[in-house]
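The values are calculated or read from the model by the stated rules, or taken from the named source; none is laboratory data. Just so we're clear, the structure is a prediction, and the values are computed from it rather than from any experiment. Cβ placement follows ideal geometry from the backbone for every residue including glycine, while neighbour counts extend to all protein chains displayed.
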Amino acid sequence: MINSLSDHDAQVLSLFNNITPDVTNEFYFYRKINKHSLNEFQTTLSYESWEDVFSNTNTIFNNFLNTSLRNFYTRFP
């Protein structure tokens, strides 16, 4: 595959792509969700101060989402 770049001064740069992507390296991410991690998640949510969520109507959803995701990613790595 040849890629060519040029500018307004009629200078041309041709790039030859000899590297083929390796499609066999696929990564999968799995979360460990079990009874223990679910209980920890619920417990950490119950200890959260939800004042920020209900304080300003313009940022209610963002505050809720940030708090929930922070706890989620902590409890389900």
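Structure notes:
- Here the range 23-50 is the region considered, the condition is being surrounded by fewer than 11 Cβ atoms within 10 Å (Cβ to Cβ) and among the hydrophobic types (A, V, I, L, M, F, W, C), and the residue that is nearest to PHE72 (Cα to Cα) is PHE29.
- THR59 vs. criteria modelled with pLDDT of 70 or more and either surrounded by 12 or more Cβ atoms within 10 Å (Cβ to Cβ) or touching a helix residue (DSSP H, G or I) at 6+ places or on another chain (Cβ under 6 Å) (or both): yes
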